[in-house]
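Visitor: I have a structure here, written as structure tokens, and I will follow up with some questions on it.
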Amino acid sequence: MSKKLVIVFEGIEGSGKSYHLNEVSKHLKKKNIDHIKIREPGGSQNSEKIRKLILNNKSSFNKETDLLLYLAARSENLLLLKKYYKKKIILIDRFVDSTIAYQHYGLGVNLKLIKFINNYLLKKFKVNFTFLNIVNKKNMIKRLKLRKSLNRYDKFNNNFYQKVQKGFMRLAKRKIKKYKIVNSNLDISYNKSLILNKIDKLI
């Protein structure tokens, strides 16, 4: 019987987090383990509508509006997340730490504001483990060039992404026992094996 954990995949653009989340989902399916996977922003029907608004290349929101839109999308997702909390394994592509890394460390939004709204929304919903995928500038640019289309958050300058990644690293070091840092500059099959082995131990 598997533990019904909440497992999050974090990282900047081109870090491979979404790929590895999907590989974990395939792995769990093979083992007939009940789980759901969800992305942020996005996931639920209403949250996906907000995602389109946030990531649209024609959007030009100020940083506080961006924050509130991301949190609005999370608010919609929580209806679904709380339904399955401790009933199924929940895999999330970006969550609270992304909000802090991007909106606070990247854009300079007040950290107390972010934490206050998050705590209000989440209440007793807790993340059990996080995989943080890190990537260097060269590989990030190379991977973004392979994408068919780029959204608004794929087009910031490199200095922004470096600030965000350093923010992620600061968060990881504060709760290192609940984090696994994955060097996505290494071979992808090696990292896949590393993550799946950790998943098997966790659940």
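The values are calculated or read from the model by the stated rules, or taken from the named source; none is laboratory data. Every value quoted in this text rests on a predicted model; they were computed, and no experiment measured them. Because the Cβ atoms are built from the backbone with ideal geometry, glycine has one as well, and the counts that use them run over all protein chains shown.
Visitor: Which is of a type in the set (Lys, Arg) and touching a residue at least 24 places away in the same chain (Cβ under 8 Å), of 155, 145?
Guide: 155
Visitor: Is segment 160-170 home to any residue that is of a type in the set (Lys, Arg), under 16 Å from residue 17 (Cα atoms), in contact with a helix residue (DSSP H, G or I) (Cβ under 7 Å, 6 or more places away or on another chain) and touching a residue at least 12 places away in the same chain (Cβ under 8 Å)?
Guide: no
Visitor: Residue by residue through segment 173-192, note down the ones that are without any contact (Cβ under 8 Å) to a residue 60 or more places away in the chain and either within 19 Å of residue 135 (Cα to Cα) or among the small types (Gly, Ala, Ser) (or both).
Guide: Answer for segment 173-192, where residues must be without any contact (Cβ under 8 Å) to a residue 60 or more places away in the chain and either within 19 Å of residue 135 (Cα to Cα) or among the small types (Gly, Ala, Ser) (or both): 173, 176, 179, 180, 181, 183, 185, 186, 187, 189, 190.
Visitor: Which residue pairs have Cβ atoms under 7 Å apart, sit 6 or more places apart or on different chains, and have a first residue in segment 78-90 that is touching a residue at least 24 places away in the same chain (Cβ under 8 Å) and under 15 Å from residue 122 (Cβ atoms) and a second that is of a type in the set (Phe, Trp, Tyr) and outside any helix (DSSP H, G or I)?
Guide: Hits for this filter: 78/125; 81/125; 82/125; 85/125.
Visitor: Quick check on segment 139-175: of everything there that is under 18 Å from residue 56 (Cα atoms) and assigned to a loop (DSSP other than H, G, I, E, B), which residue is modelled with the lowest pLDDT?
Guide: Only one residue tops the list, namely 148.
Visitor: Would you point out which residue out of 195, 134 is in contact (Cβ under 8 Å) with a residue 12 or more places away in the chain, touching a His at 6+ places or on another chain (Cβ under 7 Å) and crowded, with 16+ Cβ neighbours inside 10 Å?
Guide: 195
Visitor: Here is a check on your reading of the model: is residue 22 of a type in the set (S, T, N, Q), exposed (fewer than 15 other Cβ atoms within 10 Å of the Cβ) and more than 30 Å from residue 192 (Cα to Cα)?
Guide: In short, no.
Visitor: Any residue in segment 113-131 that is within 14 Å of residue 82 (Cα to Cα) and touching a residue at least 24 places away in the same chain (Cβ under 8 Å) sitting within a Cβ distance under 8 Å of a residue that is surrounded by 15 or more Cβ atoms within 10 Å (Cβ to Cβ) and of a type in the set (Phe, Trp, Tyr)? List the pairs, counting only those 6 or more apart or interchain.
Guide: Close Cβ pairs (under 8 Å, with a partner that is surrounded by 15 or more Cβ atoms within 10 Å (Cβ to Cβ) and of a type in the set (Phe, Trp, Tyr)) amount to 125/85; 127/95.
Visitor: Give segment 83-112 a look and list any residue that's assigned to a helix (DSSP H, G or I) and surrounded by fewer than 15 Cβ atoms within 10 Å (Cβ to Cβ), or say none.
Guide: Within segment 83-112, 83, 111, 112 qualify.
Visitor: Suppose we filter 153, 120 for residues that are within 16 Å of residue 95 (Cβ to Cβ) and over 16 Å from the mean Cα position of the chain (by Cα); which single one remains?
Guide: Going through 153, 120 in turn, the sole match is 120.
Visitor: Of the numbered conditions (1) at pLDDT 95 or above; (2) outside any helix (DSSP H, G or I); (3) crowded, with 19+ Cβ neighbours inside 10 Å, residue 41 fails exactly one; give the number of that condition.
Guide: (1)
Visitor: Looking at segment 25-38, which of the residues that are in a helix (DSSP H, G or I) and touching a residue at least 24 places away in the same chain (Cβ under 8 Å) is nearest to residue 121 (Cα to Cα)?
Guide: Among them, the one singled out is 25.
Visitor: Does residue 51 fit the bill of being modelled with pLDDT under 95, surrounded by 19 or more Cβ atoms within 10 Å (Cβ to Cβ) and part of a helix (DSSP H, G or I)?
Guide: Spelling it out, residue 51 is indeed modelled with pLDDT under 95, surrounded by 19 or more Cβ atoms within 10 Å (Cβ to Cβ) and part of a helix (DSSP H, G or I).
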